[in-house]
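Inspection log for the structure reproduced underneath, given as structure tokens.
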Amino acid sequence: MGGDHGPSVVAPAVARVVKEGVNARFLLHGDETALKAAIAKLPGLEGRIELRHADRVIGADEKPAQAMRRGKGTSMWNALEAVKSGEAAACVSGGNTGALMAIAKLQLRMAADMERPALVANWPTLKGRTAVLDVGANIDCDAQRLVEFAILGAAFHHAINGTARPTVGLLNVGSEDEKGHDEVREAGRILREMTGMDFDYHGFVEGDDIAKGVVDVVVTDGFTGNVTLKTAEGLARYFVTTLRNTFTSDPLARLGAFIAQAALRRMAQQFDPSTINAAPFLGLNGIVVKSHGGAEAGGFATAIRLAVDLAASDFVAQIDRGLKTMTSNEATVPEERTQA
């Protein structure tokens with residue numbers, strides 16, 4: 001029921017992934033009348049979906065505290081409750097981001113001693129995909145939080161992209177060890193000294209290294225990550241629009257576009273923001289994927305596919321193992337330094 005379009009986008013997105021052969025059943029939470037109307041003309045959903053009526057929804061303008069107080073019985077609350085009970089393997093929502101995170105924390109709780117989840121984007125690069133986090137959930141981050149993000153991002157990249165030992169980099173204003181503020185440098189020191197992890201620490205990376213695919217995981221605070229993500233989305237739209245205007249500017253340009261239309265179509269798909277329209281909340285004891293509120297059916301289908309892939313992996317268990325290893329590393333540091 002959330003996002004700009006509600007069931008008119010969610011139902012076609014479900015139909016799309018079902019047609020593609022995704023092996024999953026779907027519980028659709030919301031106003032039953034609206035949901036029935038949305039799926040009435042969509043073939044192939046028999047036996048794959050179940051409607052769960054909810055009288056109320058969380059509004060787009062509701063504060064997280066309000067959502068937690070009055071959220072019980074809403075479509076968002078019920079969807080997350082299904083994950084908590086084990087009835088559902090994952091939750092996908094296009095609704096209020098702050099409310100979704102607050103209710104997910106309340107119902108599913110955080111892994112280990114983490115305070116807040118992180119949002120990750122599976123970013124297209126010249127070498128494949130790079131996980132970038134945090135992209136908006138945590139504005140201020142200390143060194144410990146950045147190290148936790150490295151563990152979360154590596155587990156995510158392994159689950160979604162199949163990399164055995166992902167490489168991790170810290171986003172910084174330069175690659176030299178002395179660059180950046182204190183928290184980034186301290187996080188770099190901790191990551192260099194940690195042992196027994198399921199990833200390799202690369203060092204500092206710069207903004208242009210993301211698109212190059214220099215590392216598999218780029219770690220930063222939520223403020224920088226969100227600005228970086230929105231800038232990249234804007235540049236992608238600018239590039240595609242400029243290219244379209246250029247190839248329609250005169251008859252000769254249009255002829256060139258006709259000849260190269262197949263290649264241009266493939267390139268446009270690479271720059272389509274809907275291909276990264278899925279930001280999982282990492283660090284919860286359960287899988288919750290946030291779709292952009294303005295996403296169309298194609299974008300919401302991307303979020304569904306990601307949720308299915310995460311549910312089929314050992315993603316949550318790997319995060320738990322990584323956080324325990326981090327804690328074990330912390331416990332041994334004082335002894336080692338004393339001996340030194």
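Size of the dipole of segment 78-166 about the Cα centre, Lys and Arg at +1 and Asp and Glu at -1 on the beta carbon, nothing else charged, in debye to 20?
300
Under 14 Å from the Cα of Lys179, which aspartates and glutamates turn up, not counting those fewer than eight places away in the same chain?
Glu206
Using DSSP loop states and a limit of at most 14 other Cβ atoms within 10 Å to flag GluC sites (Glu not before Pro), what is the longest stretch of the chain containing no flagged site?
179-340
Per residue of segment 24-32, in order, report the coupling 6.51 cos²θ - 1.76 cosθ + 1.60 (Karplus, θ = phi - 60°) as ³J(HN,Hα) in whole Hz, putting x for Gly and Pro.
For segment 24-32, the Karplus-derived couplings read 7, 9, 10, 9, 9, 9, x, 5, 4 Hz, x marking Gly and Pro.
Across segment 1-117, how many lysine pairs, 8 or more apart or on two chains, come within less than 26 Å at their alpha-carbon atoms?
For segment 1-117, qualifying lysine pairs total 10.
Once neighbouring chains are kept in place and the probe is 1.4 Å, which whole percent of the accessible area of segment 1-148 is contributed by carbon and sulfur?
Result for segment 1-148: 49 percent of the exposed heavy-atom area is carbon or sulfur.
Leaving out ligands, DNA and RNA, and with a 1.4 Å probe, what % of the accessible surface on segment 189-324 is carbon or sulfur?
On segment 189-324, the fraction of accessible area on carbon and sulfur atoms equals 60 percent.
Can you list the lysines whose alpha carbon sits under 22 Å from that of Lys230, skipping same-chain ones fewer than 8 residues off?
The qualifying lysines are Lys127, Lys212, Lys290.
I'd like to know which of Cys141, Ala295, Ala159 lies farthest towards the positive end of the charge dipole of the chain, counting +1 on Cβ of Lys and Arg and -1 on Cβ of Asp and Glu.
Comparing the listed Cα positions along the dipole, Ala295 ranks first.
I want the antiparallel fraction of DSSP beta bridges within the chain, as a percent rounded to 5.
Taking every DSSP beta bridge within the chain, about 35 percent pair in antiparallel fashion.
Please state, as a whole number in µm²/s, the translational diffusion coefficient that the Stokes-Einstein equation yields for segment 128-249 at 20 °C and 1.002 mPa s, with Rh defined as the Kirkwood radius across alpha carbon pairs.
142
Compute the accessible area per residue over the chain, keeping the other protein chains in place, probe 1.4 Å, unit Å².
49
Treating the beta-carbon of each Lys and Arg as +1 and of each Asp and Glu as -1, no other charges, what is the dipole magnitude of segment 238-312 about its Cα centre, to the nearest 20 debye?
Dipole magnitude for segment 238-312 comes out near 100 debye.
Hey, could you grab the Kirkwood Rh for segment 262-322? Inverse mean 1/r over distinct alpha carbon pairs, Å, one decimal.
So the Kirkwood estimate lands at 12.9 Å.
Mind checking segment 150-199 for trypsin sites (Lys or Arg not before Pro) that DSSP puts in a loop (not H, G, I, E or B) and that have at most 16 other Cβ atoms within 10 Å?
Those that pass, being in a loop and sparsely packed, are Lys179.
Can you tell me which of 128-138, 249-259 comes out highest on packing, and rank the rest after it, using the mean Cβ neighbours within 10 Å?
So the order, starting with the most tightly packed, is 128-138, 249-259.
Taking the alpha carbon gyration tensor of the chain, what are the square roots of 5 times its eigenvalues, largest first, to the nearest whole Å?
34, 29, 17
If amide hydrogens are placed 1.01 Å from N in the peptide plane, which non-local residues have theirs closer than 5 Å to the one on Thr167?
Residues meeting the criterion, in which the H sits 1.01 Å from N, are Asp200, Asp216, Val217.
The values are calculated or read from the model by the stated rules, or taken from the named source; none is laboratory data. Everything numeric here is computed off the predicted structure, so don't read it as measured data. FYI the Cβ positions are ideal-geometry reconstructions off the backbone, even for glycines, and counts take in every protein chain you see. Only protein heavy atoms, including side chains, enter the accessible area calculation; ligands, DNA and RNA are left aside. Shrake-Rupley method; radii C 1.70, N 1.55, O 1.52, S 1.80 Å.
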